[in-house]
There are 2 protein chains.
Amino acid sequence: MAEDKGPADIAARFADAWNRHDMAAFAALFHPDASFVNRFGTYWRGVGQIVAGHVPIHETIYSDSTLTNEVADVDVISADAAILHIWSRLDAGAAHPAGPHRVDTMILAVVTRREGEWRIQALENVTLVNPRTGEPILRD
Amino acid sequence: MAEDKGPADIAARFADAWNRHDMAAFAALFHPDASFVNRFGTYWRGVGQIVAGHVPIHETIYSDSTLTNEVADVDVISADAAILHIWSRLDAGAAHPAGPHRVDTMILAVVTRREGEWRIQALENVTLVNPRTGEPILRD
């Protein structure tokens, strides 16, 4: 049986599923009716769409990528809902057409608890970019 | 006295404050401890930082801009919390160094009610972009 993890554990579980390219573990992060807006503004509704949107990239350009998540802060909404900011670092590997490179993003995730399970209800991601040049920003 | 507006009204109030470049009305959209991540990944915490981050652009590059917000959907978390997706269209005017142009984004906003007032607790924005070319996408 799954234990009742806290809301912030989602960040590490997300990275772990990503790095194992384990789409079943990835799917388990989300409530069935969750929403996901990726860093290109693509909007998915429902865990089926969210997983379907990620399967192709894990089979191709991000098949050897590594994700590192750092929880920036947690805002409690209620006993069963919280807002997470997650600094996220994606290291793409040789499988990517552009070659190995790094992308830093900021994830906003709303996590809610249903029947004892914390899962993602809504998530949006944005790439860190210099507004004057349009160039990606790396955090360190 | 302010009336108890619903959570989705935030989208129209946001656009109205933006289009009047009214920073007092803009500030009133947010709880004091709100967070805001703009479409470049810049992260502000607290209404003071959020307003301070917007004052300069309303005085310069976006002084003649127009924002149009369309609520895509509302997910109820509880009686006092909801998640909004907002399709947002920013029409920059002649004041922008790049000249008049348009940017389409997707806002994820968490709105909560405190003492009868719905305000933004957390917001993140992302520009709609073609992931293959990096070019902005316009919705219609």
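Some notes on this structure:
- The set of residues from the stretch B:41-54 being surrounded by 19 or more Cβ atoms within 10 Å (Cβ to Cβ) and either more than 17 Å from B:ILE120 (Cβ to Cβ) or of a type outside the set (A, V, I, L, M) (or both) comprises B:GLY41, B:TYR43, B:TRP44, B:HIS54.
- Condition check for A:GLY6: farther than 25 Å from B:THR42 by Cα, in contact (Cβ under 8 Å) with a residue 60 or more places away in the chain, small (Gly, Ala, Ser) and in a loop (DSSP other than H, G, I, E, B): yes
- Unique match (being modelled with pLDDT of 95 or more and either in a strand (DSSP E or B) or open to solvent by less than 30 Å² (accessible area, probe 1.4 Å) (or both)) among B:ALA94, B:ALA11: B:ALA11
- Which listed residue, of A:THR127, A:THR112, A:THR105, is over 28 Å from B:HIS54 (Cα atoms), of a type in the set (Ser, Thr, Tyr) and at pLDDT 95 or above: A:THR112
- Test: A:LEU108 is within 13 Å of chain B (Cβ to nearest Cβ) and within 20 Å of B:ALA72 (Cα to Cα): yes
- Selection of the stretch B:78-91 for residues being touching a residue at least 24 places away in the same chain (Cβ under 8 Å), within 11 Å of another protein chain (Cβ to nearest Cβ), open to solvent by 30 Å² or more (accessible area, probe 1.4 Å) and assigned to a strand (DSSP E or B) yields only B:TRP87.
- Residue pairs whose Cβ atoms lie under 9 Å apart, sitting 6 or more positions apart in sequence or on different chains, and linking a residue in the stretch B:15-43 that is away from every other protein chain (no Cβ under 13 Å) and closer than 21 Å to B:ALA81 by Cβ to a partner that is open to solvent by 60 Å² or more (accessible area, probe 1.4 Å) and assigned to a loop (DSSP other than H, G, I, E, B), are B:ALA28/B:ALA2.
- Across the stretch A:111-140, the number of residues qualifying as more than 24 Å from B:THR105 (Cβ to Cβ) and either within 10 Å of chain B (Cβ to nearest Cβ) or surrounded by fewer than 13 Cβ atoms within 10 Å (Cβ to Cβ) (or both) comes to 5.
- Matching residues, the stretch B:55-77, being within 13 Å of chain A (Cβ to nearest Cβ) and open to solvent by less than 30 Å² (accessible area, probe 1.4 Å): B:TYR62, B:ASP75
The values are calculated or read from the model by the stated rules, or taken from the named source; none is laboratory data. Note that this is a predicted model, so its numbers are computed, not measured. Please note: Cβ atoms are built from the backbone with ideal geometry, for glycine as well, and neighbour counts cover all protein chains shown. Note: accessible area is taken over every heavy atom of the protein model, side chains too, but ligands, DNA and RNA are not part of it. Shrake-Rupley method; radii C 1.70, N 1.55, O 1.52, S 1.80 Å.
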